[in-house]
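The values are calculated or read from the model by the stated rules, or taken from the named source; none is laboratory data. No experiment lies behind these values; they were computed from the predicted model shown. Please note: Cβ atoms are built from the backbone with ideal geometry, for glycine as well, and neighbour counts cover all protein chains shown. The protein model used for the area step is the full one, side chains on, heavy atoms only, and it has no ligands, DNA or RNA in it. Shrake-Rupley method; radii C 1.70, N 1.55, O 1.52, S 1.80 Å.
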Amino acid sequence: MLGQVAQLFSPTDYLLSLPIVLLTIFALGILIIDLWVPAELKWFNAVTAFIGTLFSLYIVVKIHFFYLSAPSTANGLVGFAQSMLLDRFALYFYYLFLVATLIAILTSVRYLEIEREHHGEYYALMLFAVVGMMCMASAIDVVLLFIGLELMAISTYVLVGFLRRDRRSNEAALKYLLLGAFSSGIFAYGLSLLYGLTGSTNLFAINQRLGQLLQIHPKDPIAIIALITTATGLLFKIAAFPFHQWAPDAYEGAPTTITGFMSVAVKAAAWAMLIRVLFIGFAPLQNVWVPMMIFVSIATMTGANLAALTQTNTKRLLAYSSIAHVGYILLGVVAFGSGQNPAAADGLKGILIYLLVYTFMNLGAFAVIASLRRRDIIGDEIDDIAGLYSRAPFEAVLMLIFLLSLAGIPPMAGFLAKYFIFLSLIESQHYVLAAVAVLYALFGLYYYMKIASAMFMRQPLEREALPVSWGMRIALGITAFATIYIGILPEQFIRAVNWTLGLNQVSSVISQLK
């Protein structure tokens, strides 16, 4: 029996699963420990989750250095019956997930105490969600991809409704659950059509067999339907038009710390899944999904920016802002799909840099909003942030930094993200798209400055100083430093993205899987 287990679970499988297993063990440990921890020591759950995330991050760093020291692993490690590929692309997203989780944990301790909802399940569900994200980023088999997606989604549904005494939170979770289940069903239907067409669940095998099929039947209707239904599920997960309506309600109703976590980590996992599925599995249908993404991108930027102009709730405003940023990132997908090098390379590079930058600036913005929460004040209206500079000047200045970065104003990191997207559009000769994107960036500047004007120009509704916990201050300091540092000295981060893309070549991995 032990020999059979050893054959099924190879050393490569062990290495691939170690960061995921560690998170799972700590998540289960938190659920057990929480039974004995008294109410005044619930912060210990946060410490346990933080340590578990650090352990997983340490293993990812060890794997990273293993790559650097072992040229034979240049194309990535394939395991679990060729369903998982731990390559540099997956490692990049592992770093994003874990860093975002560490920051979200730091912002959660004081917030949950104020909400009187400081339970161990919160941190356990967060770690389980990261497990699903890791599966999504490294999956090259649609079965594992779907399992990871559902593990992340179910954990997120519960986290959105974690404020059990808050009707907004309950309503948001129910809407998110119903729409998410509907989109997952459509996504699974598209994947099942792919399996029926190609006879495989492996994305690289799907790529090859779909290409062969389209050589015989260039406009196969089943292939087109599979693309449309699969793209529907993907677009829902990244909150692109017209499947974005869940985002404002979920962002507003969820605990603010979870809203920040969803807006960066969950979105990054969805983008990793979209890149794997579109750029590998549906690569032969590139001439079909590129026009589709052009339409979706323009519609997403238009609808989100116009809706954000009228918002008075900061969480809803940032939700529409997040949707608008999805439209910008989709332009990188368009550049990759319609251009040759260097346009294609810069398009994908722009997507990865955008996700990196967005992780810090958006988490920081939501951390400031979370710091406004008190017993009798929710703190997510623009009126609540009025006069913030006179009550908490440190937080007000940092919020201004995050808003300027979100608007793409140099030298903040957000400018670098938009620069590579626009550069890839120009290189791929999408001049009109680039002009439209620049125009909508001006819309974004208006509604971001509306928040800044309230912080610095309006009189506060309350005069007393705003207390901010040490965990929140550390999280704000990390996110602000990263936002400024990446914008001023971006070279090493650009090199990191180049390193990620340099050995994530589809052709080399396909040859390895043969």
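Observations on the model:
- At full extension, Val158 and Asn287 could sit 42.6 nm farther apart than now, given 0.36 nm per residue minus the alpha carbon distance.
- Pairwise Cα inverse-distance average, inverted: Kirkwood Rh of region 117-192 (Å): 13.1 Å
- Surface listing: Glu40, Glu113, Glu252 arranged by accessible area from highest to lowest gives Glu40, Glu113, Glu252, probe 1.4 Å.
- Rolling a 1.4 Å probe over the protein heavy atoms leaves Arg316 with an accessible area of roughly 50 Å².
- Within straight-line cross-link reach of Lys267, lysines at Cα separation under 30 Å, skipping those fewer than 8 residues along the same chain: Lys42, Lys62, Lys175, Lys237, Lys315, Lys349, Lys418, Lys450
- Amide H to amide H, with H built 1.01 Å from N, His430 comes under 5 Å of no residue 5 or more places away or on another chain.
- Protein-only accessible surface order, largest first, of Glu115, Glu491 at 1.4 Å: Glu491, Glu115
- The Cα atoms of region 80-214 give a gyration tensor whose axes a ≥ b ≥ c have a/c of 1.5 or more with a/b no greater than b/c, which makes the shape oblate.
- Remark: relative contact order (the chain) = 15 percent; criterion is Cα-Cα distance under 8 angstrom and separation of 6 or more residues.
- Furthest towards positive pole of dipole, Gly161, Ser200, His217, structure part region 148-232, Cβ charges: Gly161
- Nearest-ten-degree value, helix 142-160 long axis tilted from longest Cα axis of the chain: 10 degrees
- For region 136-223, size of Cβ-based charge dipole, Lys and Arg +1, Asp and Glu -1, in debye: 320 debye
- Using alpha-carbon coordinates, inclination of helix 203-216 to the longest axis of the chain, degrees: 60 degrees
- Counting heavy atoms of the protein chains alone, Ile103 has an accessible area of about 10 Å² for a 1.4 Å probe.
- Direction-averaged projected area, Cα convex hull, region 233-316: 5.6 nm², rounded to one decimal.
- Annotation: Cα Rg of the chain relative to the compact-globule expectation 2.2 N^0.38 Å equals 0.94.
- Multiplying the residue separation of Ile494 and Ile25 by 0.36 nm and subtracting their alpha-carbon distance yields 165.4 nm.
- Relative protection proxy for 431-439, 353-361, 171-179, from highest mean packing down: 353-361, 171-179, 431-439 (other beta-carbon atoms within 10 angstrom).
- The label point for Asp383 and the one for Ile474, both projected 7 Å from the Cα toward the Cβ, are 3.6 nm apart.
- In this simple spin-label model, placing a label point 7 Å from the Cα along the Cα-to-Cβ direction at both Leu178 and Thr310 gives a separation of 2.3 nm.
- Diffusion constant of region 406-461 at 20 °C, which comes from Stokes-Einstein with the Kirkwood Cα-pair radius and 1.002 mPa s, µm²/s: 169 µm²/s
- Normalised alpha carbon radius of gyration of region 10-130 [divisor 2.2 N^0.38 Å]: 1.20
- Debye log10 I(q)/I(0) for region 138-250, one point scatterer per Cα, at q = 0.16, 0.20, 0.24 Å⁻¹: -0.77, -1.03, -1.28
- Angle of helix 343-371 to the longest C-alpha principal axis of the chain, folded into 0 to 90 degrees and rounded to 10: 30°.
- Whole-Å distance, taken between Cα centres, linking region 314-365 and region 424-459: 13 Å
- Taking all protein chains together and a 1.4 Å probe, the residues Leu400, Leu145 rank Leu400, Leu145 from largest to smallest accessible area.
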